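Input: a single structure, listed below in structure tokens.
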Amino acid sequence: MNTRQKPIQTWDIHGGIHPPENKTQSLGNPIQTAPIPAQLILPLSQSIGAPAEPCVALGDQVFKGQKIADATGFVSVPLHASSSGRVAAIEDRPIAHSSGMSAPCIVIDTDGEDRWGARNPLTEYTAVDRSALVSHIRNAGIAGMGGAGFPTAVKLSPPADKPIATLIINATECEPYITADHALILERAEEILQGIDVLTHLLQPARILIGLEDNKPDAATALNEALSGRPYQVIEFPTKYPSGGEKQLIEILTGKQVPSGGLPADLGIVCQNIGTCYAIKRAVFDGEPLISRITTLTGNALNTLGNVEVLLGTTMQAVLEQHGWQATAKSRLIMGGPMMGFTVLSANVPIVKTTNCLLAPTPSELPSPDMAQACIRCGMCAEACPVSLLPQQMYWYSRAREYEQLEAHNIADCIECGACSYVCPSNIPLVQYYRASKAELRERAEEHVKAEHSRQRFEFRQERLDAAEREKEAKKAARKAAAAKRAAEKDAAATAGGEDNAATAKQVEVEAAVARAKAKKDALSEPASPSSNNEAND
Amino acid sequence: MALLHVTSPHMSRSGDTGSVMRHVLLALVPGIVVMTALFGWGTIVNIIWACLLALAMEAMVMRLRNRPPMFYLRDCSALVTAVLLAIALPPYAPWWLVLVGVGFSILVAKHLYGGMGYNPFNPAMVGYVVLLISFPIEMTQWAAPAGSVPDQAPTLGPLSALGASFPFFSSTPIDAFTMATPLDVFKQNDSLMVEELFASSPQFGSFGGYGWEWVNLAFLLGGGYLLYKRIFTWHAPVSMLAALAVMALMFNDSGSSASGGSPMFHLFTGATMLGAFFIVTDPVSSAVSNIGRLYYGAGIGVLIYLIRSFGNYPDAVAFAVLLMNFAAPLIDHYTQPRTYGHGGQQ
């Protein structure tokens with residue numbers, strides 16, 4: 001075989017678990033192509049970020065790859081038609097979300113001809129301006145394909161003060177059951193590397209590391225063989241869930257930890273999913289926007305398991321039926337893996353850019369959770385936590401709604417990987433408690449901001465009223481002093497001159513001046529006091 | 001049609017709290033076997049009687065609290081408490097002593113504080129301390145270990161052991177074969193050099209208490225099994241044993257009559273190993289983080305030595321554990337581990 005270099009140093013992360021991998025069953029066959037469905041449902045929001053704005057009208061003829069919705073901000077990506085047809089509706093449809101909610105979608109009745117619109121490849125990408133290349137990637141609608149769906153172009157525009165030294169390509173795929181990236185590497189390693197070439201050109205990193213777990217040596221071999229002289233390092237490290245979390249992978253490959261609340265760019269690192277690299281290759285070399293993805297179809301409730309390339313907007317129902325899925329009232333359908341994926345309430349929801357896996361288990365394969373027992377604080381959760389939290393304490397404080405304690409225990413750093421729940425001998429749905437507490441904390445933070453606004457508005461108004469009042473008082477005092485002065489002058493005139501009178505007049509004048517000065521001083525000093533009080537209160 | 005809605009994660013490792021507790025019970029077996037070999041069937045009678053009481057009381061409380069009793073009995077936590085208390089009691093303890101102890105452990109120390117997982121103090125140790133303070137005579141009548149006295153009668157078989165604990169069946173006089181424990185004798189000694197004391201008293205073996213060395217080794221074996229099974233981490237037990245050994249080393253003074261006893265003597269006498277691996281490791285009432293458990297264990301080790309050497313009681317595991325139970329929340333407050341991405345190395 002190929003000559004392996006001496007192993008590159010990797011670091012271990014705290015905790016982690018070794019659940020049954022269940023990956024072989026979906027790796028038996030090559031990637032298949034799912035047929036074009038009669039109808040495509042394309043949600044306007046398929047990434048973290050602002051939803052796209054439709055740029056087609058009802059009844060419009062659209063072509064494959066045609067842009068049908070524009071990005072609406074920096075953190076937003078456009079949307080493209082996955083096949084040719086007519087816009088049948090622009091309306092709310094149920095989407096893949098754990099709550100079963102609906103969201104605005106563009107619905108296309110396909111014509112089955114799959115006619116491409118204009119394709120604009122950028123093969124000579126090294127010849128164009130960097131910003132032009134970034135906007136080309138953005139216009140292709142590419143968002144992180146590992147599951148979170150962060151708009152890719154945003155990560156490719158790091159601030160000038162944070163140069164990127166290390167580009168990490170995440171091929172870990174640590175979740176059980178999922179093999180979409182694995183299959184992609186086995187079949188399209190060369191194209192993936194072309195995508196990485198584009199990223200390398202854009203970011204000019206000193207090191208390019210491709211990280212994957214040692215449970216897929218064939219994928220590592222495929223990548224190494226396709227390298228053909230490129231200076232990329234394919235790094236294998238021991239299989240452990242959740243090594244594929246962005247922060248975890250960065251620690252494994254570099255030994256550094258992303259500061260809490262910070263970004264990998266703070267360490268000079270950009271991390272991209274390997275599926276995203278493939279999408280970038282398609283966009284740059286073939287001029288094809290992101291309109292399809294590889295999805296793993298797995299679980300014992302299916303007849304045929306494997307990876308399919310499916311058009312975005314195809315309903316889960318349509319794809320799963322072709323693989324022999326029969327839904328019953330006891331069926332569970334999970335989008336994503338068994339550790340972090342969520343159940344959908346109906347299969348009539350579209351596959352989107354982040355749908356890396358559809359898991360249709362039988363009840364015996366993933367049995368319903370047992371009734372939770374009492375927490376005995378055994379600490380197995382703390383041993384498993386990849387972030388070194390104390391899940392048992394966070395559970396305690398979540399139940400007691402002690403939000404200050406939850407913040408002190410860094411609940412915001414929880415990545416919801418589920419390792420704690422997995423090992424819990426008392427079967428406590430720990431992650432669910434943390435999700436609820438985090439939502440509550442977010443709400444409280446928002447309320448705090450609102451309250452702070454109201455307080456500031458109230459204080460500003462109070463200050464304005466006070467100032468007006470003081471001005472009034474000052475004017476009144478001035479008038480009074482002026483009147484007194486006039487009266488004194490009158491008196492002086494009446495008693496016909498003399499030094500005494502002059503002295504009296506002078507005294508009155510001095511008093512009036514003192515009164516004016518005092519009023520001015522009050523007006524200056526008073527507004528300061530309420531705000532300083534508030535600072536002390538904060 | 002609505003599909004099943006379940007929150008992630010969808011997989012979980014097999015096993016439940018009951019399986020954790022069953023591992024603990026299994027790990028206690030070697031110690032129980034050695035104790036039975038040394039002291040006769042009294043320990044077994046204690047254990048069975050305590051278990052029956054504990055299960056009945058647990059079921060009764062669950063019925064009162066309108067919870068399904070079988071679900072809660074399955075977690076075996078009541079059994080663990082009962083067995084630990086029964087082991088700590090003198091073999092051939094009268095039946096009512098066990099009743100009072102189990103009653104206090106299960107009803108007061110466990111369920112009045114909210115039940116499983118909520119008790120701030122180790123229930124078995126609470127029961128033990130209540131008995132020790134209330135019934136000092138019954139609690140200090142330990143049977144003599146087999147073979148320690150040359151002309152000693154053989155240890156009691158199952159039936160006579162039953163008779164010793166339940167005198168209304170038959171009556172076995174137990175005074176005949178009780179003797180002071182090695183820690184008692186050691187504590188009372190103020191005239192003999194340690195070497196002379198070991199030679200003159202039947203209570204002492206080669207380095208610890210006669211027979212107690214084997215009891216402690218057996219519990220150490222059980223503790224090793226639990227560590228291997230990752231039921232708990234090494235932090236609390238190792239730090240407790242280390243602290244006790246260091247304290248003993250400091251006051252050992254090469255064996256004069258004022259010696260506090262060698263580290264080996266303290267590690268392998270009395271309830272040291274039982275405490276280290278089965279009491280100190282009780283997760284509910286201990287500190288939570290690994291660093292916290294180091295402090296927690298060390299505190300117990302130091303307190304055991306102080307109470308054994310300078311306190312009024314010959315053995316001290318129960319008091320030391322209860323005192324550190326008090327301190328656990330404080331320790332937790334100061335020993336939160338560093339979270340990913342916070343401070344320190346980046």
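Every number in this text was worked out from the coordinates using simple rules, so none of it is lab data. Bear in mind the structure is a predicted one, so any value in this text is a computation, not a measurement. Here Cβ is always computed from backbone atoms with ideal geometry, including for glycine, and neighbour counts include all displayed protein chains.
Quick one: work out Rg over Rh on the C-alpha atoms of the protein assembly as shown, Rh as Kirkwood radius. Display every interim value, and only then the final one.
Numbers: Rg = 38.0 Å, Rh = 33.1 Å.
Rg/Rh: 1.15.
Running a GNM on chain B with Cα contacts under 10 Å, which residue among B:GLN141, B:GLN203, B:GLN336 ends up with the highest mean-square fluctuation?
Result for chain B, Cα springs under 10 Å: B:GLN336 fluctuates most.
Using the beta-carbon distance between A:HIS18 and A:LEU465 and R0 = 51 Å, what value does 1/(1 + (r/R0)^6) give for FRET efficiency, to the nearest 0.05?
Details: r = 67 Å, r/R0 = 1.31.
E between A:HIS18 and A:LEU465, to the nearest 0.05, is 0.15.
If you wrap a convex hull around the alpha carbons of chain B, what volume per residue comes out, as a whole number of Å³?
Each residue corresponds to 168 Å³ of Cα convex hull volume.
Quick check on the range B:69-120: take the gyration tensor over C-alpha atoms, sort the square-rooted eigenvalues as a ≥ b ≥ c, and tell me if it's rounded (a/c under 1.5), prolate or oblate.
Numbers: a/c = 2.26, a/b = 1.70, b/c = 1.33.
Prolate shape, in that a/c is at least 1.5 and a/b is the bigger ratio.
Give, in whole angstrom and from largest to smallest, the semi-axes √(5λ) of the equivalent ellipsoid of the range A:222-361, with λ running over the eigenvalues of the Cα gyration tensor. Can you show the working numbers first?
On the way: eigenvalues 199, 79, 46 Å².
After scaling each eigenvalue by five and taking roots: 32, 20, 15 Å.
Relative contact order, percent, of chain A when contacts are C-alpha pairs under 8 Å separated by at least 6 residues?
Values: 1025 pairs, mean separation 86.0, N = 538.
Relative contact order comes out at 16 percent.
Could you tell me which of A:ILE274, A:TYR177, A:THR221 has its Cα farthest along the dipole of the range A:173-278 towards the positive end, charges placed at Cβ (Lys, Arg +1; Asp, Glu -1), taken about the Cα centre?
Result: A:ILE274.
Can you tell me the alpha carbon radius of gyration of the range A:60-156 divided by the globular rule-of-thumb value 2.2 N^0.38 Å?
Details: Rg = 15.3 Å, N = 97, 2.2 N^0.38 = 12.5 Å.
For the range A:60-156, the normalised Cα radius of gyration is 1.22.
Which ordering of A:GLU321, B:GLU213 is given by a fewest-first count of other beta-carbon atoms within 10 Å?
On the way: A:GLU321 13, B:GLU213 21.
Fewest-to-most ranking of A:GLU321, B:GLU213: A:GLU321, B:GLU213.
Would you be so kind as to identify which of A:SER76, A:GLY100, A:ILE36 lies farthest towards the positive end of the dipole of the range A:1-106, taking Lys and Arg as +1 and Asp and Glu as -1 on Cβ and the Cα centre as origin?
Farthest towards the positive end: A:ILE36.
For A:LYS67, A:LYS353, what's the fewest-to-most ordering of other Cβ within 10 Å of each Cβ? The partial results should precede the final answer.
Numbers: A:LYS67 19, A:LYS353 25.
Lowest count first: A:LYS67, A:LYS353.
Mean residue ellipticity at 222 nm from the helices of the protein assembly as shown, using -39,500 (n - 2.57) per DSSP H segment of n ≥ 4 over the full residue count, to the nearest 500 deg cm²/dmol? Spell out each step's value before the answer.
Values: 29 runs with 392 residues, N = 884.
About -14000 deg cm²/dmol.
Taking the 0 to 90 degree range and rounding to the nearest ten, how far is the long axis of helix A:430-494 tilted relative to the main principal axis of chain A, both from C-alpha atoms?
20
Tell me, what ³J(HN,Hα) does each residue in the range A:245-256 have, in order and in whole Hz, if you take phi through Karplus 6.51 cos²θ - 1.76 cosθ + 1.60 with θ = phi - 60° and put x for Gly and Pro?
Going residue by residue, I get x, 3, 5, 5, 4, 4, 5, 4, 8, 10, x, 9 Hz, with x marking Gly and Pro.
Specify the residue with the greatest mean-square fluctuation among B:LYS187, B:LYS229, B:LYS110, computed from a Gaussian network of chain B linking alpha-carbon atoms under 10 Å apart.
Per the Cα network of chain B with a 10 Å cutoff, B:LYS229 tops the list.
Got a sec? Charge dipole of the protein assembly as shown, +1 on Cβ for Lys and Arg, -1 for Asp and Glu; which of B:LEU183, B:PHE277, A:THR298 is way out at the positive end?
With unit charges placed on the Cβ atoms, the residue in question is A:THR298.
Provide the per-residue ³J(HN,Hα) series for the range A:144-161, in order, calculated from phi with Karplus coefficients 6.51, -1.76, 1.60 and θ = phi - 60°, each as a whole number of Hz, with x at glycine and proline positions.
Karplus-based 3J(HN,Hα) across the range A:144-161 equals x, 9, x, x, 7, x, 7, x, 5, 4, 4, 5, 8, 10, x, x, 4, 7 Hz.
Greater than 24 Å separation of Cα atoms is the criterion. Which listed pairs, A:LYS64/A:LYS281; A:LYS330/A:LYS438; A:LYS247/A:LYS438; A:LYS247/A:LYS330, meet it? Present the calculation step by step, with values, prior to reporting the outcome.
Working: A:LYS64/A:LYS281 18 Å; A:LYS330/A:LYS438 30 Å; A:LYS247/A:LYS438 19 Å; A:LYS247/A:LYS330 36 Å.
The pairs that break the limit, which is 24 Å between Cα atoms, are A:LYS330/A:LYS438; A:LYS247/A:LYS330.
If you take every DSSP beta bridge whose two residues both sit in chain A, what share of them, in percent to the nearest 5, is antiparallel? Please list the in-between numbers first.
Values: 33 of 54 bridges.
If we restrict to bridges inside chain A, about 60 percent are antiparallel.
Report ³J(HN,Hα) in whole Hz for each residue of the range B:314-323, in order, from the Karplus equation J = 6.51 cos²θ - 1.76 cosθ + 1.60 where θ = phi - 60°; Gly and Pro get x.
Rounded to whole hertz, the list is x, 10, 9, 4, 4, 5, 4, 5, 5, 4.
Counting other C-beta atoms within 10 Å, which of B:LEU89, B:LEU52, B:LEU38 has the fewest, and how do the rest follow?
Details: B:LEU89 25, B:LEU52 13, B:LEU38 21.
If I rank by nearby Cβ atoms, fewest first, I get B:LEU52, B:LEU38, B:LEU89.
Using a simple charge model, +1 on the beta-carbon of Lys and Arg, -1 on the beta-carbon of Asp and Glu, nothing else, what dipole does the range A:206-288 show about its Cα centre, in debye to the nearest 20? Present the calculation step by step, with values, prior to reporting the outcome.
Working: 8 positive and 10 negative charges, 36 e Å.
Its charge dipole is roughly 180 debye.
When only alpha-carbon atoms count, how far does the range B:195-314 stretch along each of its three principal axes, as whole angstroms with the largest first?
44, 25, 22
With a 10 Å cut-off between alpha carbons and a GNM built on chain B, which of B:ASP315, B:ASP253, B:ASP75 moves the most?
Ranking B:ASP315, B:ASP253, B:ASP75 by mean-square fluctuation puts B:ASP253 first.
In whole angstrom, how far apart do the alpha carbon centroids of the range A:199-243 and the range B:38-116 sit?
58
How much space per residue, in cubic angstrom, does the convex hull of the C-alpha atoms of the range A:392-489 take up? All intermediate terms of the calculation are to be shown ahead of the outcome.
Numbers: hull volume 10.6 nm³, N = 98.
About 109 Å³ per residue, rounded to a whole number.
Distance between Cα centroids, the range A:455-478 to the range A:6-41: provide it in whole Å.
Each part reduced to its Cα centre gives a spacing of 67 Å.
Give, in nm to one decimal, the length gained when the segment between A:LEU441 and A:ARG486 is fully stretched (0.36 nm per residue of separation minus the Cα-Cα distance). Could you put the intermediate results ahead of the total?
Working: separation 45, 0.36 × 45 = 16.20 nm, distance 6.64 nm.
Once the chain is fully extended between A:LEU441 and A:ARG486, it gains 9.6 nm.
Could you work out how far apart the two model spin labels at A:ALA412 and A:ASP60 are, taking each label as a point 7 Å from the Cα in the direction of the beta carbon, and quote it in nm?
Label-label distance for A:ALA412 and A:ASP60, simple model: 4.1 nm.
Name the residues of the range B:106-141 whose amide N is less than 18 Å from a point 7 angstrom out from the Cα of A:ALA372 along the C-beta direction?
B:114-119
Provide the convex hull volume over Cα atoms per residue for the range A:236-318, in Å³. Intermediate values should be presented prior to the final figure.
Details: hull volume 15.0 nm³, N = 83.
Cα convex hull per residue, to the nearest whole number: 180 Å³.
Provide, for q = 0.12, 0.19 Å⁻¹, the log10 of I(q)/I(0) from a solvent-free Debye sum over equal Cα point scatterers in the range A:176-302.
Debye output, listed in q order: -0.49, -1.21.
Considering the Cα trace of the range A:306-405, what is its radius of gyration and what is Dmax, both in angstroms?
Expressed in Å, the Cα Rg and Dmax of the range A:306-405 come to 18.2, 51.
Let me know the charge dipole size of chain A about its Cα centre in debye, to the nearest 20, where only the beta-carbon of Lys, Arg (+1) and Asp, Glu (-1) is charged. Each step should come with its number before you reach the end.
Values: 52 positive and 62 negative charges, 241 e Å.
Computed about the Cα centre, the dipole is about 1160 debye.
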